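Notes to accompany the following structure.
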Amino acid sequence: MPGNCDAATRQTLAGAGKGGDPTPCAPAAHDPANTRPTKASSAGGRTEGSTDGSADREAPAYVLSRRVVTLFAVACGAAVANVYFAQPLLVTMGDDLAMSPALVGSVVTLTHVGYGLGLFLLVPLGDIADRRRLIVVQLLLLVGALAVIATAPTAAVLLAGMAATGLLAVVTQTMVAFAASLAPPAGRGRVVGLVTSGVVVGILLARTASGVLADLAGWRSVYVASASLTALLALVLHRVLPRHVAARASTLGYGRLLRSTVTLFARERLLRLRALFGLLVFASFSTLWSSIALPLSEEPYAMSHSAIGALGLIGVAGALAATAAGRLNDRGLSGPTTGTALALLAVSWLPLAYTRSSLWALAVGIVLLDLAVQAVHVTNQTVIYALHPDAGSRLIGGYMVFYSIGSATGAIAATTLYAAAGWGAVCVLGAAFSCLALALWAFTRKSTQPAA
């Protein structure tokens, strides 16, 4: 980025193996998977590596409007919601398709396994392909997967559709990377914050929306509605988004692309630390949201599934409030923002511990927790993208693998611990994840900020 001499020096010296001696602060971009330096243009987030000037002739500089940012946020939320729609529908699905309890449980598992594979196998393609085309193709394939689920005559077909849906729902992360690449560096944090808010809102509202639709028209209507919305979004995004062809597409093969994702983690300490933050905060997030239905469905509340799902509306307030984290990052305050958010995350478990005696305490805890998780998540993505903008898809895809590991760990640990020791033990677990993240930040705070 302009003015970031240390970061530019690190990138250009890393690429000095070929092509002569780079000037440390020259405006040259470096693909971490390729040792040859390339020219770059920051207009509209496009990279320029063609020697015949074809990249210059593709299109004029693209100005990212607030309307397009909002479209990104809506599309991200709609795509990621498909991973979570099934959770309140498992019993109904099982009854309809004569599935055993163990087989019903594999519906969620296969969806998340598909999502994890997609993060590693599909998201990095955004660094070597036209991102607009990649997004549209994945959305259309996702429509097909949702149609398979909606019409599934047997359990085997349903499970195949769920796995495919998880795999293709990672288009969310391709859109986050695309939005970040189109944003000007000075406003990248704000854009990432707004788009990521759409992701969190989609996650929080997915259960509520699927429960309401299932009550009105059956569980299959959820996937019919989602397929229709996804097809509409694919059409709109195809018409609105600019072409975005990666500069090194002709020299970086698919196998080398995947290997370079691992290389990035080996090379960048800041990326590893931010990925650990992501793992811990989403373990805390999942600890709450995967187990909160258990105490609320028991006495003294005995709440219905629809009422429990409506708690996501409370979480949305915290998620939307955290968009300010993006602006703080744009002002160079990523370190204090992270520390403050992690402290709030730890504090949120105090009111959550009183869930059995006060719904007000639960509401306060939910808002604080979602605010904190969103603030850290936005900060993480903004900071790691700036390390190598030309490898943005690989950085974000690799980071999100840790997010998935944290989410799975929190869910499994929370439900197991609730059965063994009750809600109090779950709150201790969530607080432990949060305090561990805060301690990690305290010991590494000088290393978890981008170079000034």
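The values are calculated or read from the model by the stated rules, or taken from the named source; none is laboratory data. Keep in mind that this is a model prediction, so the values were computed, not measured. In this analysis, Cβ positions are derived from the backbone assuming ideal geometry, glycine residues included, and neighbour counts consider all displayed protein chains. Just so you know, the surface numbers come from the protein's heavy atoms only, side chains and all, with ligands and any DNA or RNA stripped out. Shrake-Rupley method; radii C 1.70, N 1.55, O 1.52, S 1.80 Å.
Quick rundown of the values:
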{"quantity": "Accessible area of region 159-297 belonging to carbon and sulfur atoms, whole % at 1.4 Å probe", "calculated": "69 percent"}
{"quantity": "Karplus-derived HN-Hα couplings along region 177-185 (A = 6.51, B = -1.76, C = 1.60, θ = phi - 60°), whole Hz, x at Gly and Pro", "calculated": "5, 5, 4, 5, 6, 7, 6, x, x"}
{"quantity": "Sites residue 301 and residue 405, calculated FRET efficiency, Cβ-Cβ separation with R0 25 Å, nearest 0.05", "calculated": "0.20"}
{"quantity": "Efficiency of FRET between residue 421 and residue 359 - r from beta-carbon atoms, R0 25 angstrom, step 0.05", "calculated": "0.65"}
{"quantity": "Region 108-155, accessible surface, carbon-and-sulfur percent (1.4 angstrom probe)", "calculated": "79 percent"}
{"quantity": "DSSP-assigned coil residues among trypsin sites (Lys or Arg not before Pro) in region 309-364, each with at most 12 further Cβ atoms within 10 Å", "calculated": "331"}
{"quantity": "Computed E for residue 317/residue 440 - FRET, C-beta separation, R0 25 angstrom, nearest 0.05", "calculated": "0.35"}
{"quantity": "Backbone HN-Hα couplings from phi across region 85-92 [Karplus 6.51/-1.76/1.60, Hz, Gly and Pro as x]", "calculated": "4, 6, 4, x, 9, 4, 5, 5"}
{"quantity": "Region 344-452: relative contact order as a whole-number percent, Cα under 8 Å and 6+ apart", "calculated": "30 percent"}
